[in-house]
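Novice: Shown below is the structure under consideration.
The values are calculated or read from the model by the stated rules, or taken from the named source; none is laboratory data. Predicted, not measured: the structure shown is a model, and the values here were computed from it. Virtual Cβ from ideal backbone geometry, glycine too; neighbours counted across all protein chains shown. Remember, those area values only see protein heavy atoms, side chains included, never the ligands or the DNA or RNA. Shrake-Rupley method; radii C 1.70, N 1.55, O 1.52, S 1.80 Å.
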Amino acid sequence: MGLTGIQIFKLLPKTNCKECGVPTCLAFAMNLASGKADLDSCPYVSDEAREQLAEASAPPIRPVKIGYGARKVGIGGETVLFRHEKTFYGPPGFAAVLTTDMGDDVIDAKLRKWHTFNYERVGLMLRPELVAIKDVDGNAERFAQVTKKVYDASDFGCILMSDSPNVLKAGVSVSNGKNPLIYAATAGTIDALIELAKEGKCPLALKADSVEALMPLSQKAVSAGLKELVLDTGARSIKQLFEDQVCIRRAALLKQNRDLGFPTITFPCEMAPDLDGETLIASMLVAKYGGVMVLSDIEGENIFPLLLERLNIYTDPQRPMTVTPGIYEINNPGPDSPVMVTTNFSLTYFIVSGEIESSRVPSYLVIVDSEGLSVMTAWAAGKFSGDYVGGFIKKSGIAEKTTHKNVIIPGYAASISGDMEEELPGWKVKVGPREAAHLPKYLKEWKPE
Ligand code: SF4
């Protein structure tokens, strides 16, 4: 259980110096207890108190990192039950299984295939991050070989899966700081695997056959000093798994149950007869509340929708996604190319730029900072007014790139054309189509004046 506001207050300096941004230490303590303040905001906490307070101010679901480099996954860290309350922080990781009885050629081919699944969307790179290496016969040497092969041939993070601490030790020994998840400590292996996780500085998964049975395991691991734990309740039916995920999240957030305050690992690969079925289960878990989803394989048609769903669920609903304002060159434009202007709402940018790209007409797209609002909303909010957009065009430097002085505005913002022309003497402001889908035809017929 986390500390209460009063318990936290007792550990603070009680000088009410206000440096943390609130008037009293008591107010700061209350904010800390409810997760609204950051312990680092008070510079006067003693080291001893800091250790105790760090525990109290940690998010109810602890953050856990798995893997390394560009594919490192940061799961957990959640503070709310529902995304619309604030935001979700730790997007779940997707893993696919390699077993130690697969031939090297099969493993190589799978890794090569999985590596090709990279999708750029709204300026972000979406891809699966993890490989689950499953020991099938207790052969530690082969397990280490496969683990090393994954690290040598790819930048996937690893989940090391075995019932045997010795086999897992062999996998950790070739991981060289690449932060694999050790799966999984049970009541019978927890002591050995706590030691292994401490030695290897790796996150540790705990497995039991119910939510309740996980609690003594996590108590033991935490009292041994481990902070990065991942929970598997053992459920392999959809109903039970769903109930367990919700139960863990609610216990951690609403009851401050620290024993269950960790992200989960789930195994759609053990719950459905084919990859499509696994994908459906994984899609449920993206929303409620899987931490890692292990699939039997990765195919484009399965992973792409999951990655998109994850992107949608794990973006901050209070902050629109934006692209950087400026001039974007599409299809290698030159001095005679058309110039269009629109807002910096990501979706607007990607739809408009996609249509321009598909038209194959070399073009400039000027993106104005509209604080992430779409054209209609930005116009209504006064963030896409004629003088503002005109002023932006003037400063953008587009005039030096073209021989004509024509700019095309979105059809929905037709009413700003007059103000823009006043702001941009010598320029012609043309009203483009309302729908981006009509841009290719418009651009093909466009001529500068
Ligand atoms: Fe109290 Fe620390 Fe805030 Fe000062 S900075 S008021 S000592 S909590």
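Novice: So what is the relative contact order of segment 316-439, in percent, for Cα pairs below 8 Å that sit 6 or more residues apart?
Specialist: Details: 236 pairs, mean separation 33.8, N = 124.
Result for segment 316-439 is 27 percent.
Novice: Are there trypsin sites (Lys or Arg not before Pro) in segment 1-41 that DSSP puts in a loop and that have at most 16 other Cβ atoms within 10 Å, and which ones? Numbers along the way, then the final one.
Specialist: Details: sites: Lys10, Lys14, Lys18, Lys36; in loops: Lys14, Lys18, Lys36.
Passing both the DSSP loop test and the Cβ count: Lys14, Lys18, Lys36.
Novice: Among DSSP beta bridges lying fully in segment 45-157, give the percent that are antiparallel, nearest 5.
Specialist: On the way: 6 of 12 bridges.
Antiparallel bridges make up about 50 percent of those DSSP assigns within segment 45-157.
Novice: Give the dimensionless ratio obtained when the Cα radius of gyration of the chain is divided by 2.2 N^0.38 Å. Please list the in-between numbers first.
Specialist: On the way: Rg = 26.9 Å, N = 449, 2.2 N^0.38 = 22.4 Å.
Here the answer is 1.20, to two decimals.
Novice: In addition: Are there chymotrypsin sites (Phe, Trp or Tyr not before Pro) in segment 135-189 that DSSP marks as loop and that have at most 13 other Cβ atoms within 10 Å, and which are they?
Specialist: Working: sites: Phe143, Tyr151, Phe156, Tyr183; in loops: Phe156.
Hits after loop and neighbour filter: nothing returned.
Novice: Arrange the residues His84, His438, His404 by how much accessible surface each exposes, largest first, with a 1.4 angstrom probe. Walk me through the intermediate numbers first.
Specialist: On the way: His84 140, His438 110, His404 15 Å².
Putting His84, His438, His404 in descending order of accessible area: His84, His438, His404.
Novice: Now for a different question. What is the Cα coordinate range of segment 316-449 on the first, second and third principal axes, sorted by size from largest, in whole angstrom?
Specialist: Cα spread of segment 316-449 along its principal axes, largest to smallest: 40, 33, 23 Å.
Novice: Please list log₁₀ I(q)/I(0) at q = 0.16 Å⁻¹ for segment 331-387, using the Debye equation with identical point scatterers on the alpha-carbon positions.
Specialist: With no solvent term, the Cα-only Debye profile gives -0.50.
Novice: Please quote Rg/Rh for segment 6-132 to two decimal places, taking the Kirkwood radius as Rh and restricting both calculations to Cα atoms. Numbers along the way, then the final one.
Specialist: On the way: Rg = 21.5 Å, Rh = 18.2 Å.
Taking Rh as the inverse mean 1/r over Cα pairs, Rg/Rh reads 1.18.
Novice: Loop only by DSSP, 15 or fewer other Cβ within 10 Å of the Cβ. Give me the trypsin sites (Lys or Arg not before Pro) in segment 377-449 that pass, ordered by residue number.
Specialist: Values: sites: Lys383, Lys394, Lys395, Lys401, Lys405, Lys428, Lys430, Arg434, Lys441, Lys444; in loops: Lys383, Lys401, Lys405, Arg434.
Passing both the DSSP loop test and the Cβ count: Lys401, Arg434.
Novice: A follow-up question, please. What is the projected area of the convex hull of the Cα atoms of segment 240-314, averaged over all directions, in nm²? Mind showing how you got there, number by number?
Specialist: Working: hull surface 19.9 nm².
Averaged projected hull area, Cα only: 5.0 nm².
Novice: Once the convex hull of the C-alpha atoms of segment 144-297 is built, how many Å³ does it hold per residue, rounded to a whole number? Please list the in-between numbers first.
Specialist: On the way: hull volume 17.1 nm³, N = 154.
With only Cα atoms used, segment 144-297 gives 111 Å³ per residue.
Novice: Additional query: Students often get this wrong, so check it: of Lys10/Lys86; Lys149/Lys207; Lys401/Lys447; Lys394/Lys428; Lys113/Lys201; Lys110/Lys149, which have C-alpha atoms separated by over 20 Å? Can you show the working numbers first?
Specialist: Working: Lys10/Lys86 29 Å; Lys149/Lys207 27 Å; Lys401/Lys447 17 Å; Lys394/Lys428 13 Å; Lys113/Lys201 30 Å; Lys110/Lys149 12 Å.
Check vs 20 Å cut-off fails for Lys10/Lys86; Lys149/Lys207; Lys113/Lys201.
Novice: Would you work out the charge dipole size for segment 1-137 about its Cα centre, treating the Cβ of every Lys and Arg as +1 and the Cβ of every Asp and Glu as -1, and quote it to the nearest 20 debye?
Specialist: So the dipole magnitude of segment 1-137 works out to roughly 560 debye.
Novice: List, in order, the whole-Hz ³J(HN,Hα) value for each residue of segment 329-339 obtained from phi through the Karplus relation with A = 6.51, B = -1.76, C = 1.60 and θ = phi - 60°; use x for Gly and Pro.
Specialist: Those phi angles translate into 9, 10, 6, 6, x, x, x, 8, 6, x, 10 Hz.
Novice: Right, something else. Could you calculate the FRET efficiency of Asp191 with Ala437 from 1/(1 + (r/R0)^6), where r is the beta carbon distance between them and R0 is 45 Å, rounded to 0.05? Mind dumping the intermediate values first?
Specialist: Working: r = 63 Å, r/R0 = 1.39.
The formula returns an efficiency of 0.10 here.
Novice: Moving to a separate point now. Taking the Cα centre of segment 65-182 as origin, sum charge times position over the Cβ atoms of Lys and Arg (+1) and Asp and Glu (-1), and report the length of that vector in debye to the nearest 20.
Specialist: Here segment 65-182 has a charge dipole of around 420 debye.
Novice: Full extension from Lys395 to Tyr44: what is 0.36 nm times the residue separation minus their Cα-Cα distance, to one decimal in nm? The partial results should precede the final answer.
Specialist: Details: separation 351, 0.36 × 351 = 126.36 nm, distance 4.67 nm.
Value of the extension gain: 121.7 nm.
Novice: Now a separate question. Can you compute the helix-only [θ] at 222 nm over the chain? Use -39500 (n - 2.57) per DSSP H run of at least 4 residues, normalise by all residues, nearest 500 deg cm²/dmol.
Specialist: -12000 deg cm²/dmol
Novice: In the structure shown, do any of Lys14/Lys255; Lys65/Lys255; Lys134/Lys178 have a Cα-Cα gap over 20 Å, and if so which?
Specialist: Details: Lys14/Lys255 28 Å; Lys65/Lys255 24 Å; Lys134/Lys178 17 Å.
Violating the 20 Å limit, Cα to Cα: Lys14/Lys255; Lys65/Lys255.
Novice: Among the aspartates and glutamates, select those whose C-alpha is under 16 Å from the C-alpha of Lys169, and discard any that sit fewer than 8 residues away in the same chain.
Specialist: Output for Lys169: Asp135, Asp137, Glu141, Asp191, Glu195, Glu199.
Novice: Quick one: plug the Kirkwood hydrodynamic radius of segment 370-446 (C-alpha pairs) into Stokes-Einstein at 20 °C, 1.002 mPa s, and report D in µm²/s.
Specialist: Once the numbers are plugged in, D ends up at 165 µm²/s.
Novice: Under the classification rounded if a/c is under 1.5, otherwise prolate if a/b is larger than b/c and oblate if not, where does segment 403-449 fall, given a ≥ b ≥ c as square roots of the Cα gyration tensor eigenvalues?
Specialist: Numbers: a/c = 3.78, a/b = 1.34, b/c = 2.83.
Since a/c reaches 1.5 but b/c is at least a/b, the shape of segment 403-449 is classed as oblate.
Novice: At 7 Å along Cα-to-Cβ for each site, give me the label-to-label distance between Asp105 and Lys148 in nm.
Specialist: 2.2 nm
Novice: If you count the DSSP beta bridges with both ends in the chain, what percent of them are antiparallel, to the nearest 5?
Specialist: Details: 12 of 48 bridges.
Of those bridges, close to 25 percent are antiparallel.
Novice: Let me ask another. Given 20 °C and 1.002 mPa s, how large is the Stokes-Einstein diffusion coefficient of segment 84-131 in µm²/s, with Rh as the Kirkwood radius over Cα pairs?
Specialist: 164 µm²/s
Novice: Treating only the Cβ atoms of Lys and Arg (+1) and Asp and Glu (-1) as charged, compute the dipole magnitude of segment 139-228 about its Cα centre; round to the nearest 20 debye. Each step should come with its number before you reach the end.
Specialist: On the way: 10 positive and 10 negative charges, 44 e Å.
Taking the Cα centre of segment 139-228 as origin, the dipole is about 220 debye.
Novice: How much net charge surrounds Gly5 when only the other residues with a Cβ under 15 Å from the Cβ of Gly5 are counted, with Lys and Arg +1 and Asp and Glu -1? The partial results should precede the final answer.
Specialist: Details: positive: Lys10, Lys14, Lys36; negative: Glu55.
Net charge around Gly5: +2.
Novice: Using only the alpha carbons of segment 225-351, what is the convex hull's orientation-averaged projected area in square nanometres?
Specialist: Numbers: hull surface 48.2 nm².
With every direction weighted equally, the projected area is 12.0 nm².
Novice: Another question, if that's okay. Using only alpha carbon positions, build the gyration tensor of segment 187-260, then give the equivalent ellipsoid semi-axes as the square roots of 5 times its eigenvalues, largest first, whole angstrom.
Specialist: 22, 14, 10
Novice: Related question: Mind listing the long-range amide H neighbours of Cys158? Cut-off is under 5 Å, sequence gap 5 or more, other chains count too, H placed in the peptide plane at 1.01 Å from N.
Specialist: Gly67, Val131, Leu181
Novice: Provide the net charge surrounding Leu365, with neighbours chosen by a C-beta distance below 13 Å and charges set as Lys +1, Arg +1, Asp -1, Glu -1. Provide the component values of the computation, followed by the final result.
Specialist: On the way: positive: Lys401; negative: Glu329, Glu355, Glu357.
Its environment carries a net charge of -2.
Novice: Hull surface divided by four, with the convex hull built on the Cα atoms of segment 75-209: how many nm²?
Specialist: With every direction weighted equally, the projected area is 9.9 nm².
Novice: Specify which residue in the list Thr233, Val294, Ala251 is farthest towards the positive end of the charge dipole of segment 220-361, using unit charges on the beta carbon of Lys, Arg (+1) and Asp, Glu (-1), about the Cα centre.
Specialist: Highest projection toward the positive end goes to Ala251.
Novice: When only the heavy atoms of the protein chains count and the probe is 1.4 Å, how do Met376, Met293 rank by accessible area, highest first? Please list the in-between numbers first.
Specialist: Working: Met376 95, Met293 0 Å².
The ordering from most to least exposed comes out as Met376, Met293.
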